[in-house]
Amino acid sequence: MKRTKLYGCGTALVTPFTAQGAVDDAALRAFVEWQVQQGVQFVVPCGSTGEAVTLTVAEHRHVVELTVQQVNGRVPVVAGAGSNDTTRAIALSKECKAAGATHLLHVTPMYNKPPQRALVAHFRAIADACDLPIVLYNVPGRTATNLEARTCLELAADPRFVAVKEASGSVGQISQIIRERPDGFGVLSGDDGLTLAVMAHGGDGVISVVSNVVPALTAGLCSAMARGDLTEARRIDALVAPVLHAAFIESNPIPVKAMLALQGRMHNVLRLPLLPLADAHHAVVQQAMRDGSALTA
């Protein structure tokens, strides 16, 4: 498999729900269209930001299918298919491929806490079973398992693995992967607050939460860094800072859903075990949206 490098801003899409809690097809289509029109380089449905763990298999496939249809080939669709059960991860991967995804996003298994050699076996089993390029996802704050740099690099030697979304929070770990990676293997920040730093070390972009709300600016920050315009990147980073702060005032995607509801893009509806934003945080989110009103139009 020839690697096609992902770069720039990919939005970790929220999943819009109706007031009754079903997937909101119309809101999803409109939201994906807006993201593409705003200039994001790829979209990522059915990740943790998309509340994928609360979707049935049929809903998961449906969300990917609608996203693929709306994108219509304009940008890659990197579909989340992760699970802490390798068999389920393979089944979800096949559903996402059938739905038209161009890539898969696979997170390290949560809760099981597999050792590094088991992570390699898990990811290779998925790659053996489904021939779409895979983006590895390391987010130990959610999974309790860190995909160590040496393990990521071992997998990166296999061209079926095309990138890593790195949300370990360790710039040292991320920079080691960047320094030692093979040609064509992408390194994408998984933390919006570290995008500038990761790209300064030679990374390729971000899979972003905040770009749900400010897609053009997040894409612009990545473009500025890619062309070496640190001054412009810093300017954008400062502009986005109030929205970024508000986006993580409670567990993702709770605040982002609240902000998108304020924008009128979808209902502020989440599935248990998540709830809408706590009343105590509404003032912060509303102020961020007022401060960034020109940014989020």
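Taken together, the values in this text are just the output of simple stated rules run on the coordinates, not laboratory data. Source: prediction; values computed, not measured. Don't worry about glycine lacking a Cβ; one is built from the backbone with ideal geometry, like all the others, and counts go over all protein chains shown.
Data for the structure
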| item | result |
| --- | --- |
| q = 0.12, 0.14, 0.15, 0.17 Å⁻¹, the range 80-138: log10 I(q)/I(0) [Debye, one scatterer per Cα] | -0.23, -0.31, -0.36, -0.46 |
| Chain lengthening between Arg142 and Thr87 when straightened (0.36 nm per residue, less Cα-Cα) | 17.7 nm |
| Calculated SAXS-style log₁₀ I(q)/I(0) at q = 0.22 Å⁻¹ - the range 1-147, Debye, Cα scatterers | -1.43 |
| Rounded to 5, percent antiparallel among DSSP beta bridges of the chain | 5 percent |
| Cα-centred dipole magnitude for the range 1-96, charges only on beta-carbon of K, R (+1) and D, E (-1), debye, nearest 20 | 540 debye |
| 5 angstrom amide H check on Ala163, placed H, neighbours 5+ away | Leu136, Gly186 |
| By average C-beta atoms within 10 angstrom, highest first, the peptides 6-19, 219-232 | 6-19, 219-232 |
| Value at 222 nm in deg cm²/dmol, rounded to 500, when DSSP H runs of n ≥ 4 in the chain each add -39,500 (n - 2.57) | -13500 deg cm²/dmol |
| Under 5 Å, built H, 5+ apart or other chain: amide partners of Gly205 | Gly8, Ser189 |
| Contour minus Cα-Cα distance for Asn112 and Gln20 (0.36 nm per residue) | 29.8 nm |
| The chain: Cα Rg divided by the 2.2 N^0.38 Å rule of thumb | 0.93 |
| The chain: DSSP helices with Cα axial extent of at least 27 Å and average Kyte-Doolittle hydropathy no lower than 1.0 | none |
| Under 12 Å, Cβ to Cβ, from Gln35 - net charge with Lys/Arg +1 and Asp/Glu -1 | +2 |
